1. Just give me the residues in the stretch 156-166 being surrounded by fewer than 15 Cβ atoms within 10 Å (Cβ to Cβ) and either at positive phi or assigned to a helix (DSSP H, G or I) (or both), in sequence order.
2. Test ASN21 against the criterion of being more than 30 Å from PRO185 (Cβ to Cβ) and in contact with a helix residue (DSSP H, G or I) (Cβ under 7 Å, 6 or more places away or on another chain), and give yes or no.
3. Can you pull out the helices (runs of 4 or more DSSP H) entirely within the stretch 27-105 that have at least 2 residues that are open to solvent by 80 Å² or more (accessible area, probe 1.4 Å) and of a type outside the set (Lys, Arg)?
4. Residue under question is LEU66, and the condition is that it be touching a helix residue (DSSP H, G or I) at 6+ places or on another chain (Cβ under 6 Å) and either small (Gly, Ala, Ser) or touching a residue at least 12 places away in the same chain (Cβ under 8 Å) (or both); does it hold?
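The values are calculated or read from the model by the stated rules, or taken from the named source; none is laboratory data. Computed from a predicted structure; not experimentally measured. For neighbour counting, all protein chains shown are included, and Cβ atoms are generated from backbone atoms with ideal geometry for every residue, glycine included. Note: accessible area is taken over every heavy atom of the protein model, side chains too, but ligands, DNA and RNA are not part of it. Shrake-Rupley method; radii C 1.70, N 1.55, O 1.52, S 1.80 Å.
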Amino acid sequence: MPLVLDPAAQDLLFREARTANTFTDEPVTDEQVQAIYDLVKYGPTAFNQTPLRITLVRSPEARERLVQHMAEGNQAKTAAAPLAAILAADNEFHEELPHLFPAFPQAKDVFFAERTAREGAAGLNAALQAAYFIVGVRAAGLAAGPMTGFDPEGVRKEFLDDDHTPLMVVNIGRPGPDAWYPRSPRLAYEQVVTTV
């Protein structure tokens, strides 16, 4: 076997995992979310940046505020999911770099003094962390429904501030009835990988 990860875990994380569109009403606990984060925080980023910020939308009032900013096709499932999480990039992540990257604490000022450099790095590295988060949700035995169909500026004004850029909203829970679309095709190895 070229992969050392148990085949059942491979299925749980990738082959059998799907984007859920419906969920049961079983709650997702804070303990589950903390366990997910405590696992995925070890995923690699450049300079050990940690720009991902997660806003858990739990209260009915907050959920209504979020739903109004979702694309029409995402509103009902976001309203019904046990938990919705707004994943955002913190464009001021560099303030943590002296602690997070002690091998080169000057990286904060050498590479990220300019806001445009920070925004680019925050967007890329928070997107990496968002992908790790989705896989972590699967590792917890839950389903994730990540969505980019929403009004980013509306979500930012409603839940964040000028230093945070919303990337996606992820519905989280146990999959409900008819949760999956049919599996879409993937590109074959030969279509993607070249050797030089």
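1. Selection gives LYS157 alone.
2. No.
3. Of the helices (runs of 4 or more DSSP H) lying wholly inside the stretch 27-105, those with at least 2 residues that are open to solvent by 80 Å² or more (accessible area, probe 1.4 Å) and of a type outside the set (Lys, Arg) span 30-40, 60-67.
4. Criteria not met by LEU66.
Table: residues versus (1) in contact (Cβ under 8 Å) with a residue 40 or more places away in the chain; (2) in contact with a Lys or Arg (Cβ under 9 Å, 6 or more places away or on another chain); (3) open to solvent by 30 Å² or more (accessible area, probe 1.4 Å); (4) outside any loop (DSSP other than H, G, I, E, B).
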| site | (1), (2), (3), (4) |
| --- | --- |
| ASN125 | yes, no, no, yes |
| TYR132 | yes, yes, yes, yes |
| GLY154 | yes, no, no, yes |
| MET168 | yes, no, yes, yes |
| TRP180 | yes, yes, yes, no |
| LEU187 | no, no, yes, no |
